[in-house]
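This report refers to the structure that appears directly beneath it.
All of the numbers you see were taken from the coordinates with simple rules; none came from a lab. Only a predicted model underlies this, so the values are computations on that prediction, with no experimental measurement involved. Ideal geometry is used to build each Cβ from the backbone, glycine not excepted, and the neighbour counts take in all protein chains shown.
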Amino acid sequence: MKKESEESSMDHHSYTTEEVAKRLKVSKLTVYDLIKKGELPSYRIGRQMRIDATDLEQYIKQMKTGKIKGTPVKSEDSRGLDTFIISGQELTLDMLAKRIENRLPSSNVLRAYQGSLTSLVKMYQGEGSIVSLHLFDGETGTYNVPYVKRILVGQPCTMINLLARNVGFYVQKGNPKNIKTWDDLSQSSIRFVNREKGSGIRVLVDEQLRIQNLNKERISGYEWEESNHLGVATQVANGKADVGVGSEKFSQIVNVDFVPIMKEQYDLVILKNKENEELIEVVKGILQSEEFHNELKAIGGYDMTKTGQIIYEIK
């Protein structure tokens, strides 16, 4: 059975980073490092990073023949304290990553385009350095803190505000179906496009449907999932969907109108341990700097009232 499995994997057209990590018996962090160093070719499908099966087999063959110095296992042991992964899809996270590398010249900052809830669970399991969160809690009407309390049980951490941003409905130009409220999603003539499970927007959608007693089975397209804001907005722009939910910024990239629903709090969570001591101080310094604030102002559309503030800590 094992041989059959190995042979079938040769025919597998591509792998996720998680699958590669299992195959090489290393962590996902090591896989990201190999990709960034150019030792393992990769490409993206949407927001997901993939490695072609042929490239992976070639890498394994080169390892065995000694054409690649060292092994993934050694890479695992020697990755040091300087490689950090920031999860999330917010555009300003790329700015943050560059600034961290500027302030910590020896650092290697990687990006993982995962949803908030998925990333938080993975942090509890030991993956990721900085997790970005925008998770709405219907019971309290607040963001993020209830989820950190429940998921990062016994894990000392600090949560710092990045920004606040508008979220709302993406609708076709002119809003021909006059979509304004959550209740409108249940109209039989309206086609909805959802986000994937584990994303902050999906949590918002599900929480709003729950607290407003709306039956998701009555929403046409509820099971139709896109993996990012841009994917949702694009489906609305090309007329395949009438409405989706996402942040205002992405509505400006494609040809859709935006109906604001609420302002969401976008925070960063970092585990408090010896390895992250300097990282926490650097991130706070960046977020509190006039330079970073000016850059956000230049982009426009963000509320920076709490940017750089400590929102919550587990000691």
Report summary line: Relative to the chain, whose Cα atoms define the longest principal axis, helix 290-299 and its Cα axis are tilted in degrees, nearest 10, by 60
**Report entry** FRET efficiency, residue 189 to residue 303 (Cβ-Cβ, R0 45 Å, nearest 0.05)
**Finding:** 0.85
Requested in this report: Compute the acute angle (0 to 90°) between the alpha-carbon long axis of helix 92-103 and the principal axis of greatest extent of the alpha-carbon atoms of the chain; round to the nearest 10°.
Outcome: 40
Query raised in the report: For the residues 43, 143, 124, what sequence is obtained by ranking on other C-beta atoms within 10 Å, fewest first?
Result: 43, 124, 143
Query raised in the report: Could you give the angle, 0 to 90 degrees to the nearest 10, between helix 200-211's Cα long axis and the longest principal axis of the Cα atoms of the chain?
Result: 40
Query raised in the report: Most exposed first by the Cβ proxy, i.e. fewest other Cβ within 10 Å, how do 202, 150, 103 rank?
Result: 150, 103, 202
Report summary line: Relative contact order of the chain (C-alpha contacts under 8 Å, at least 6 apart) in percent is 20
Query raised in the report: To the nearest 500 deg cm²/dmol, what mean residue ellipticity at 222 nm is calculated for the chain from DSSP H runs of n ≥ 4 alone, each contributing -39,500 (n - 2.57), summed and divided by the residues?
Result: -11000 deg cm²/dmol
Report summary line: When the chain is treated as a Gaussian network with springs between alpha carbons less than 10 Å apart, the largest mean-square fluctuation among 298, 237, 164 is found at 298
Query raised in the report: Taking the Cβ of residue 206 as the center, what net charge do the other residues with Cβ under 14 Å away carry, scoring Lys and Arg +1 and Asp and Glu -1?
Result: -2
Report task. Let me know the shape class of the chain, please: from the alpha-carbon gyration tensor, a ≥ b ≥ c as square roots of the eigenvalues, rounded when a/c is under 1.5, otherwise prolate if a/b is greater than b/c, or oblate. Result -> oblate
Report summary line: From fewest to most C-beta neighbours within 10 Å, the residues 106, 129, 119, 220 line up as 106, 220, 129, 119
Report task. Rounding to the nearest 20 debye, state how big the charge dipole of the stretch 80-315 is about its Cα centre with +1 on each Lys and Arg Cβ and -1 on each Asp and Glu Cβ. Result -> 300
Query raised in the report: Length gain on complete extension for the stretch residue 293 to residue 214, per 0.36 nm per residue less the alpha carbon to alpha carbon distance?
Result: 24.5 nm
